[in-house]
Amino acid sequence: MELINWNEEDQKYIWHPAQQMKDAEVFPPIIADHASGMYIYDTEGREYLDMISSWWCNLLGHCNPEVNDAVKHQLDQLEHVIFANFSHKPAIELCRMLIPLLPQGLRRFNFCDNGSSAVECALKMAFQYHYQTGQSQRQRFMCLSESYHGETIGALSVGSMDLYAKIYKPMMMNTIHFDGLDCYRCPYEKTRTSCHCECFESAEKAFQAFGKETAAVIVEPILQGAAGMRIYPAEYLRRLHHLCQAYGVLLIDDEIAAGFGRTGKMFAIEHAGICPDILCTSKGLTGGYLPMALTITTEKIYQAFYDEYGTHKAFVHSHTYAGNPLACAAALSVLTILQREDILKKAAKKAIYLHNMLEDALGSHQNIGEIRHIGLINALELVKNKKTKQPFDAQRRIGWHIFRKAMDRGLVLRPIGDVLYFNPPLTIDTETMELAVARCTAAVHDVLGR
Ligand SMILES: *Cc1c(COP(=O)(O)O)cnc(C)c1O
């Protein structure tokens, strides 16, 4: 038998996402062989506790037997079919199951296969909606500072993280950005208890200046994930919703990271008790099984596209794998389990335990500025100086070094810069949480001392 060095072969061919490939020479990718529950196993049988749900999408652990069976069953029935002029039961069933779980009023579903595409779809939908309702001057979009909505050009244009967008600016749309939501380093020096969303004035100014030419504002509800798991008050969303209504601007709710129980609610916008005009979801939708995303909207928006063929009002937007039946089957199975097992309610109890344990283990560490949390998500802000909140010099790559140490100890963390975070499957048990906190604490101590 030919003996293959998989790491060498990997380096020959594969351009991995979101990393400097030169780093792979000192820290080669783990060759995953199989996975089960909370663990990924490499080709040598070493285990890795997956505390980041494999890029935030795995909801019920890896290789859940029930979801596996649902996908296998679907595979023998119908693997894929063109979604124009064809439909199928798994897709229809999925919509029927989601409607009661969504904010009331959202009931028209557009299918695609990844989060960025769902955002692109939402942007085009909003633009065309105005175009077809006598508001064709509304051509621009608004977004918040440090927002992240994906990495295709349209989605990048409504994001504001320089890390992803800076060099592509000449290719991008001219989006209106407004500041806000840095609650850890609040420019108004408010705390979570004294906050009255003072930073909202920046949104008000943006609407005063550009509200009439804006088609939609897009927002990550409650949780700005890629910005470093920033968490902000629901009041901000209520006020934004109010402003949108006053100015006739559509509200696009990007639930791709926050949806499916991550913040304790099925959809994070529920914290604010409002209904957006368009909602995007993906990551948790199939429990981390298959790529699928939905852009969901109201009857009012749908109706602006509904007319005789010759009026050319149709939404001419498609993706080859839209409505893939295997992905629908996975999503249906995941939703069934979430509901039957009352997973969100159980996760809420675990969330308290996990946060308290992390606070006890690391809360008083001199280099941990805060441990913010919502649902099972916990984010540790690493700082050089806890009092002044001064960050570490980014060149030192403290987060990356802790990540490496954690991997050596069998814990998958993958921090965002100097923000370490946990975003585990909702089904994590007590023992595994304890192990994760112990391994994480040890990795922090390895790099920063006690
Ligand atoms: C991950 C993410 C996206 C992009 O989804 P992809 O499937 O990676 O294209 C968009 N918005 C948010 C909030 C996300 O977390």
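The values are calculated or read from the model by the stated rules, or taken from the named source; none is laboratory data. Quick caveat, the model's predicted, so the values are computed rather than measured. Note: ideal-geometry Cβ built from the backbone for every residue, glycine included; neighbour counts use all protein chains shown. Note: areas computed on protein heavy atoms with side chains; ligands, DNA, RNA excluded. Shrake-Rupley method; radii C 1.70, N 1.55, O 1.52, S 1.80 Å.
A residue that is of a type in the set (K, R) and either in a helix (DSSP H, G or I) or surrounded by fewer than 17 Cβ atoms within 10 Å (Cβ to Cβ) (or both) occurs nowhere in the range 129-138. Within the range 244-290, being part of a strand (DSSP E or B), touching a residue at least 60 places away in the same chain (Cβ under 8 Å) and either away from the ligand (no atom under 12 Å from the Cβ) or of a type in the set (A, V, I, L, M, F, W, C) (or both) holds for L250, I252, I278, L279, C280. Can you work out which of the residues in the range 207-236 that are in a helix (DSSP H, G or I) and out of contact with any Leu (no Cβ under 9 Å at 6 or more places or on another chain) is nearest to R140 (Cα to Cα)? Result: E213. In this structure, R409 does satisfy being open to solvent by 70 Å² or more (accessible area, probe 1.4 Å) and touching a Lys or Arg at 6+ places or on another chain (Cβ under 7 Å).
Which residues, taken from the range 152-177, are farther than 15 Å from A122 by Cβ, surrounded by 14 or more Cβ atoms within 10 Å (Cβ to Cβ) and within 18 Å of the chain's Cα centre (by Cα)? Hits for the range 152-177 are S160, M161, Y164, A165. Just to be sure before I move on: is Q74 in contact (Cβ under 8 Å) with a residue 60 or more places away in the chain and open to solvent by less than 30 Å² (accessible area, probe 1.4 Å) in the structure I sent? Answer is yes for this residue. Within the range 190-206, is even one residue within 30 Å of G369 (Cα to Cα), surrounded by 14 or more Cβ atoms within 10 Å (Cβ to Cβ), over 24 Å from the mean Cα position of the chain (by Cα) and acidic (D, E)? Within the range 190-206 (the criterion being within 30 Å of G369 (Cα to Cα), surrounded by 14 or more Cβ atoms within 10 Å (Cβ to Cβ), over 24 Å from the mean Cα position of the chain (by Cα) and acidic (D, E)), the answer is yes, since at least one residue qualifies. The listed residues are R108, R96, and the only one of them that is part of a helix (DSSP H, G or I), surrounded by fewer than 23 Cβ atoms within 10 Å (Cβ to Cβ) and not small (G, A, S) turns out to be R96.
Evaluate the following for G375: is it in the same structural domain as P28 (by TED's automatic domain parsing) and under 20 Å from T441 (Cβ atoms)? The answer is no for G375.
For the range 133-174, the tally of residues that are under 17 Å from E213 (Cβ atoms) and in contact (Cβ under 8 Å) with a residue 60 or more places away in the chain stands at 10. Looking only at residues of the range 89-133 that are of a type in the set (S, T, Y) and within 16 Å of the ligand (Cβ to nearest atom), we find that the one that is nearest to S157 (Cα to Cα) is S116. Exactly one residue among C186, C195 is free of Cβ contacts under 8 Å to residues at least 24 places away in the same chain and part of a loop (DSSP other than H, G, I, E, B), and that residue is C186.
In the set I4, I31, only one residue is open to solvent by less than 90 Å² (accessible area, probe 1.4 Å), in contact with a Ser or Thr (Cβ under 7 Å, 6 or more places away or on another chain) and on the phi < 0 side of the Ramachandran plot; that residue is I31.
Going through the range 373-406 one residue at a time, which ones are open to solvent by 10 Å² or more (accessible area, probe 1.4 Å), outside any helix (DSSP H, G or I) and more than 25 Å from G61 (Cβ to Cβ)?
Hits for the range 373-406 are E381, K384, N385, K386, K387, T388, K389, Q390, P391, F392, D393, R397.
Scanning the range 291-316 for residues that are within 16 Å of the ligand (Cβ to nearest atom) and touching a strand residue (DSSP E or B) at 6+ places or on another chain (Cβ under 8 Å) yields a total of 5.
Being modelled with pLDDT of 95 or more and crowded, with 21+ Cβ neighbours inside 10 Å is the requirement here; does L358 meet it?
Answer is yes for this residue.
In the range 308-321, the residues that are among the charged types (D, E, K, R) form Cβ pairs under 8 Å with partners that are at pLDDT 95 or above and not in a helix (DSSP H, G or I), at six or more places apart or across chains, as follows: K313/Q132; K313/A304; K313/F305; K313/Y306; K313/D307. Condition check for C63 on (1) at positive phi; (2) within 16 Å of the ligand (Cβ to nearest atom): one failure, at (2).
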